[in-house]
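Report on one structure; see the data block that follows.
The values are calculated or read from the model by the stated rules, or taken from the named source; none is laboratory data. The structure presented is a predicted model; accordingly, all values stated were derived computationally and were not measured. Cβ sites come from the backbone with ideal geometry, for glycine too, and all protein chains shown count toward neighbours.
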Amino acid sequence: MCSRLFSWFMCYNVGMRFLRGLIAFVLALILIASTALALGSFAVSRAVSEDAVRQAITETDAVGQLTDNIIMHNTINLGGEYGETMQAILKSDAMTDFFTAYTARSLQSQIYGGEMEEIGSDDLNAAFSRGMDECLANGSVTMDEGERMIFDQALNTAMPNLTKGVNYVLDQMRLTDYVDEDTAHQIELAKSATSDEVRYGAAGIAIMACLILIALYWRSKAGFLLSGVIVLFVAAFFFVLSIMIGQTMEAGGSSIVLSRKMLFVMVSYGSLAAVRIGAVCGAALIAACPVFKLLFRKRGY
């Protein structure tokens, strides 16, 4: 009788371990999928942010190329009298901010839908005015009040042609040409993946999977460790993705068009942002394992 009870107990114990292992395996898969979706959604949202666009413009020197092309097309010399002044203004932070904001808006309109607008005369005039103020403040341009008034009048007169020339250069550079037939499907996925419902829903599922794993192995606190390792594994995927993008840019070199280089930088920016979030969460879960073990050991549990 005792032998039968012992055998039954052993079978029950093995069965419960198998069942717990099976549940843990399913939860691990759910945690991988939900974490990847949550971090991926966050990565995409960061990739199309203005900070990402600004970094892409900086790393690819897009504004520098734009400025050189505008100068090369003789768009900004204002009759030859203010060529150097206009070049200094174009290289100012104010103009960089202006073209960065324009590029960000254009990208947003392509990804999330909407009509892309050309740069308007009023906006460009205001940007040049801010650039002139900056150049006068830092000493790269020297003018007295009367000369500034004459310059402003010349700029206002030339602004329609100047605006047309800048828009022509932007069109020729295809600075905001991010969407082609090959990426249309991916962008549609990105539009749905960046919604708040997807991001917070996936994060909620990941948190629930972590909590169940922690409860499943509460005695050993191994659930913390397992959850942390899984989150770090997903974060490592995004890190590898950023490295692959960098290698693609290096391998492509000058054969990759500027807009595509900018897109690569932006995706890399979003991926690294997801890596940081995943690394912090994963490290926190792993660190919680010995902390909770020590805490409950002191309390005698």
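A compact table of results
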item: Condition met for V231 (modelled with pLDDT of 95 or more and assigned to a helix (DSSP H, G or I)); result: yes
item: Of all residues in the stretch 38-61 being surrounded by fewer than 21 Cβ atoms within 10 Å (Cβ to Cβ) and small (G, A, S), the one that is modelled with the highest pLDDT; result: S45
item: Failed criterion for S268 (all others in (1) out of contact with any Ser or Thr (no Cβ under 8 Å at 6 or more places or on another chain); (2) part of a helix (DSSP H, G or I) hold); result: (1)
